[in-house]
Amino acid sequence: MWPFTTLAQAQAWERAYRSGGHQPWHLDPAQTALSFTRDYLDFTEIDRITSRTVSGRHARIGVAPTGPEGGTAAVIHLVRFGDGPNAPWEVVGTDDTTFSLTTPAYGSLVRSPLETGGRISGVDESIRVQVRQPSSTAPLGTSPCCTSAGGDKQPWHVTVPFSGSRDPVLTVVASTGGHIADVERFTITAVRTG
């Protein structure tokens, strides 16, 4: 899903790293998770690591917004992309508990407008959904702000029109917040275009 869209890109970074130490943060799953949230998703206030579990080729990194009141916004799942000791970390999804994004299914082929949905637990939640691609800084599409939701494991649904996709894999991100921080929880999935 991110930061590399192909194995060839990951291997090109490995060569650049071996020859000159280029972007060493790709070797740290926590730094990769924070770069994903701040630089790719543009959730700039999420700048803390709340948990870190690394087991073989998999890592799960909890991230949160600044401040003592902000709990974990998401647990980001990463895997090593490629083989060898310098294989970079790649974001592949989130481990969801109280906020999920189950539609569209992970890896499914999509087109605009995109039907999204999942389940949420909480009070007075306000859901926003974006469609993003690694080669663009701006979202390809954003849902109208904001979809109200709440309760215990209640379904939510949002339709998001998007345009301008060039990358073979897109990221769909749903977020909620506004009580303590702009983004208090988020969930992601990867989809294909074409």
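Under the condition of being among the aromatic types (Phe, Trp, Tyr) and surrounded by 18 or more Cβ atoms within 10 Å (Cβ to Cβ), which residue from region 85-110 is nearest to Leu27 (Cα to Cα)?
In the first step, residues of region 85-110 are kept if they are among the aromatic types (Phe, Trp, Tyr); the result is 89, 99, 106.
Going one step further and asking which of them are surrounded by 18 or more Cβ atoms within 10 Å (Cβ to Cβ), we end up with 89, 99.
Details: Trp89: 6, Phe99: 29 Å.
Filtering first and then ranking leaves Trp89.
Taking only region 111-152 into account, find how many residues are touching a residue at least 40 places away in the same chain (Cβ under 8 Å), open to solvent by 70 Å² or more (accessible area, probe 1.4 Å) and of a type in the set (D, E, K, R).
Selection size over region 111-152: 3.
Return yes or no: is Asp182 open to solvent by 50 Å² or more (accessible area, probe 1.4 Å), charged (D, E, K, R) and at pLDDT below 95?
Yes: the conditions hold for Asp182.
Considering every residue within region 181-193, establish whether at least one is among the acidic types (Asp, Glu) and over 24 Å from Val75 (Cβ atoms).
no
Would you confirm, using the coordinates I've provided, whether Pro139 is within 19 Å of the chain's Cα centre (by Cα), at pLDDT 95 or above and under 16 Å from Thr189 (Cβ atoms)? Reasoning before the result, please.
On the way: within 19 Å of the chain's Cα centre (by Cα): yes; at pLDDT 95 or above: yes; under 16 Å from Thr189 (Cβ atoms): yes.
Yes, satisfied.
From the list Ile120, Ile180, Ile188, Ile127, pick out the single residue that is within 28 Å of Ile49 (Cα to Cα) and touching a Cys at 6+ places or on another chain (Cβ under 9 Å).
Working: Ile120 fails: touching a Cys at 6+ places or on another chain (Cβ under 9 Å); Ile180 fails: touching a Cys at 6+ places or on another chain (Cβ under 9 Å); Ile188 fails: touching a Cys at 6+ places or on another chain (Cβ under 9 Å).
Result: Ile127 is the single residue among Ile120, Ile180, Ile188, Ile127 that is within 28 Å of Ile49 (Cα to Cα) and touching a Cys at 6+ places or on another chain (Cβ under 9 Å).
Starting from residues that are within 21 Å of Cys145 (Cβ to Cβ) and of a type in the set (A, V, I, L, M, F, W, C), keep the ones in region 76-127 and report whichever is nearest to the chain's Cα centre (by Cα).
If we take residues in region 76-127 being within 21 Å of Cys145 (Cβ to Cβ) and of a type in the set (A, V, I, L, M, F, W, C), then Leu101 is nearest to the chain's Cα centre (by Cα).
Within region 145-154, is there a residue that is in contact with a Ser or Thr (Cβ under 9 Å, 6 or more places away or on another chain) and over 24 Å from Ala64 (Cβ atoms)? Steps first, please.
The first filter runs over region 145-154 and keeps only residues in contact with a Ser or Thr (Cβ under 9 Å, 6 or more places away or on another chain), leaving 145-154.
Subset that is over 24 Å from Ala64 (Cβ atoms): none.
Scanning region 145-154, I find no residue that is in contact with a Ser or Thr (Cβ under 9 Å, 6 or more places away or on another chain) and over 24 Å from Ala64 (Cβ atoms), so the answer is no.
Cβ-Cβ below 9 Å, separation at least six or inter-chain, first residue in region 46-67 and in contact (Cβ under 8 Å) with a residue 40 or more places away in the chain and surrounded by 13 or more Cβ atoms within 10 Å (Cβ to Cβ), second in a strand (DSSP E or B) and among the aromatic types (Phe, Trp, Tyr): which pairs?
Going by the 9 Å Cβ cut-off, the qualifying pairs are Ile46/Phe186.
Select from region 4-45 the residues that are touching a Ser or Thr at 6+ places or on another chain (Cβ under 7 Å) and not in a loop (DSSP other than H, G, I, E, B) and write down the one among them that is least open to solvent (accessible area, probe 1.4 Å). Outline the logic, then answer.
Filtering region 4-45 for residues touching a Ser or Thr at 6+ places or on another chain (Cβ under 7 Å) gives 25-26, 38, 43, 45.
Still in the list and also not in a loop (DSSP other than H, G, I, E, B): 25-26, 38.
Values: Trp25: 70, His26: 4, Arg38: 72 Å².
Within region 4-45, the match that is least open to solvent (accessible area, probe 1.4 Å) is His26.
Check region 94-101 and report whether any residue there is of a type in the set (A, V, I, L, M) and in a loop (DSSP other than H, G, I, E, B).
Within region 94-101, one or more residues are of a type in the set (A, V, I, L, M) and in a loop (DSSP other than H, G, I, E, B).
The values are calculated or read from the model by the stated rules, or taken from the named source; none is laboratory data. All values reported here derive from a predicted model rather than from experimental measurement. Every residue, glycine as well, gets a Cβ built from its backbone with ideal geometry; the counts of neighbours run over all protein chains shown. Each accessible area value is taken on the protein alone, full model and side chains, heavy atoms only, with ligands, DNA and RNA left out. Shrake-Rupley method; radii C 1.70, N 1.55, O 1.52, S 1.80 Å.
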